[in-house]
Structure formats: C-alpha cells, structure tokens
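Each remark here refers to the structure printed beneath this line.
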Amino acid sequence: MPDGDLERFTERTLTGKALRNEIDQVREQGWAQAVKEREPDLNAIAAPVYGANGRLAAILGVQGPAARFGRKKRESALPLLLERAEALSRSLGYNERVQ
C-alpha cells in the first residue's frame, strides 16, 4: 500500500484521490453510500450523528445485499435515515441544522 492508500476489498473500493474526492462530496451532501465497495454483494448508506460539541459522535447506517438494496431502495430509505440521524444528534445535545 503506497503512501497510506487503503487496501482494496473489491474492484470498486475507493482509494487515493478518488477516496478524497468522495469524502469531500459526502461532507457536502451530508450522507454517504457504498455500492459494492466493501463486499461484492453489499450496498450501504450512512449518515453522521453529532454530539453536543458539534463533533462526530457516531454513524447511523443501513446496509443490505446488493440485489435487495439497489438504487431505488437506497433512495427510498435515505430520508428516514437522515431524519433518524438528525434526531439522534439532537438527543445528544446537537443544536445546529444537520446537513
């Protein structure tokens, strides 16, 4: 692994500059997804949970087999995931608007 690149788990695992670009996009949109990146048959979405100090306290995620958690199912699950992550943040004392 040259210069701190992460190990690839599948051919879709992001590393290096692609990973840095993805992290920037995730920060901007406020949630992340992984499509066959960790395991060939696994898709996931996740959202941050913030603590009272405004720092990341946890990550709330949903994952499932790619055949049953495709694009439409992920899009359908995303609003509830974001709502729950924001509710958790507020319960931890976070008072800012979660992106």
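The set of residues in the stretch 67-91 being aliphatic (A, V, I, L, M) and loosely packed, with under 14 Cβ neighbours inside 10 Å consists of A67, L80, A87. Looking at R74, R38, R8, just one residue is in contact (Cβ under 8 Å) with a residue 40 or more places away in the chain and not polar (S, T, N, Q), and that residue is R74.
Among the candidates R84, R8, R97, the residue that is in a helix (DSSP H, G or I) and either out of contact with any His (no Cβ under 9 Å at 6 or more places or on another chain) or at pLDDT 95 or above (or both) is uniquely R84.
Among the residues of the stretch 29-81, those identified as part of a loop (DSSP other than H, G, I, E, B) and more than 29 Å from G93 (Cβ to Cβ) are K36, E37, R38, E39, P40, D41, A66, A67, R68, F69, G70. Taken over the stretch 2-60, the residue count meeting the criterion of being in contact with a strand residue (DSSP E or B) (Cβ under 9 Å, 6 or more places away or on another chain), aliphatic (A, V, I, L, M) and over 21 Å from L80 (Cβ atoms) is 2.
The values are calculated or read from the model by the stated rules, or taken from the named source; none is laboratory data. In this text the structure is predicted, and so the values were computed from the model without any measurement. Methodologically, a virtual Cβ is constructed for each residue, glycine included, from the backbone with ideal geometry; neighbour enumeration extends over all protein chains shown.
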